[in-house]
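Engineer: My questions will all concern the structure given below.
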Amino acid sequence: MDDQQLNTLVARIAFGDKSAFREFFDHFQGPIFNFLVYKLGDQDLAEDMLQETFLKVWKNRENLDQTQSIKSYLFTMANNAVLNHFRHQKVVYAHQAQYRFEATDRSPEEEVQSSEFQNYLLAAIENLPEKTRITFMMSRFENLNYKEISERTDTSIKTVESHIGKALRIIRDKLKEYEES
């Protein structure tokens, strides 16, 4: 499929043409799936993320930019889905490890309180705006500095600082609500 045909297809998708979307899906599903399998090492998970990626394309079809490479857009979306998955897994594993470590040092009442607090904290993080959450998790869970985050997200260091500050304010406010309840 040449660039002109692809641009026409993207334009049709932007107007909600389901047959164009099906043709688009058929054309790109193989390369995106292979990319996801390579990144994840799990075909079932790759299949889920493939569906998630194309679902996002369909949901955001009205915003598709025909001047940009749709192939790059797809691979970027797929890669972001992988990164978000690994970040989420990292939080889950950290929480599980923390719980196992702390479980032997506390009374059952303290365990319940700790577990509730951890769940509240994770929910606060999960409810952050997407870019803020990703930036915060890179900082706190991957131990990246602002410059490294800036390079990975292709944003300025000031933007990274802004996202971290915003995340901390929101989380702090949510934790105050938890303490008051």
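Engineer: With the requirement that a residue be open to solvent by less than 50 Å² (accessible area, probe 1.4 Å) and assigned to a helix (DSSP H, G or I), what does the stretch 127-152 give you?
Structural biologist: THR132, ARG133, ILE134, THR135, PHE136, MET137, MET138, SER139, ILE149, SER150
Engineer: Still on this structure, please answer the following. Give just the number: which of (1) open to solvent by less than 40 Å² (accessible area, probe 1.4 Å); (2) touching a residue at least 40 places away in the same chain (Cβ under 8 Å); (3) under 15 Å from the mean Cα position of the chain (by Cα) does ALA124 not satisfy?
Structural biologist: The number of the failed condition is (3).
Engineer: Before we move on, is LYS158 farther than 24 Å from ALA81 by Cβ, open to solvent by 70 Å² or more (accessible area, probe 1.4 Å) and part of a helix (DSSP H, G or I)? Walk me through it before giving the result.
Structural biologist: On the way: farther than 24 Å from ALA81 by Cβ: yes; open to solvent by 70 Å² or more (accessible area, probe 1.4 Å): yes; part of a helix (DSSP H, G or I): yes.
Taking the combined requirement at face value, the residue satisfies it.
The values are calculated or read from the model by the stated rules, or taken from the named source; none is laboratory data. Fair warning: this is a prediction, and the values are worked out from it, not measured in the lab. With ideal geometry, Cβ positions are generated from the backbone for all residues, glycine too; neighbour counts draw on all protein chains shown. SASA here: full protein model, heavy atoms, side chains in, ligands and nucleic acids out. Shrake-Rupley method; radii C 1.70, N 1.55, O 1.52, S 1.80 Å.
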